[in-house]
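Here the structure comes first, spelled out in structure tokens, and everything after it is commentary.
The values are calculated or read from the model by the stated rules, or taken from the named source; none is laboratory data. Just so it is clear, the structure is predicted and the values come from calculations on it, not from any experiment. These accessible areas exclude ligands, DNA and RNA; they are computed on the full protein's heavy atoms, side chains included. Shrake-Rupley method; radii C 1.70, N 1.55, O 1.52, S 1.80 Å.
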Amino acid sequence: MTFAHMNVCYILDGVLILYGIILTILYCRLRMRPSNKASSSHPEQPTSGGIYEGLTSRTADTYETIKMDKKTIV
């Protein structure tokens, strides 16, 4: 009876190890694949038309500094 349980455990351990190896290989293949994009974090924006038409980047600072006077605490 105990030998039958041990065999089932060995088979399940083998299946889990094989599953882990296959997933690791697939993950490494996905990470090592060369990317065709120049930069994946900054997608290219269309130069004409679309939702970006008429938008320009500002050179001035958007936020202004608030000048607070220090008041004496009594």
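Among the residues of the stretch 8-26, just one is at pLDDT 95 or above and of a type in the set (F, W, Y), namely Y19.
For residues in the stretch 27-49 being modelled with pLDDT of 70 or more and either at positive phi or in a helix (DSSP H, G or I) (or both), which is least open to solvent (accessible area, probe 1.4 Å)? This residue is C28.
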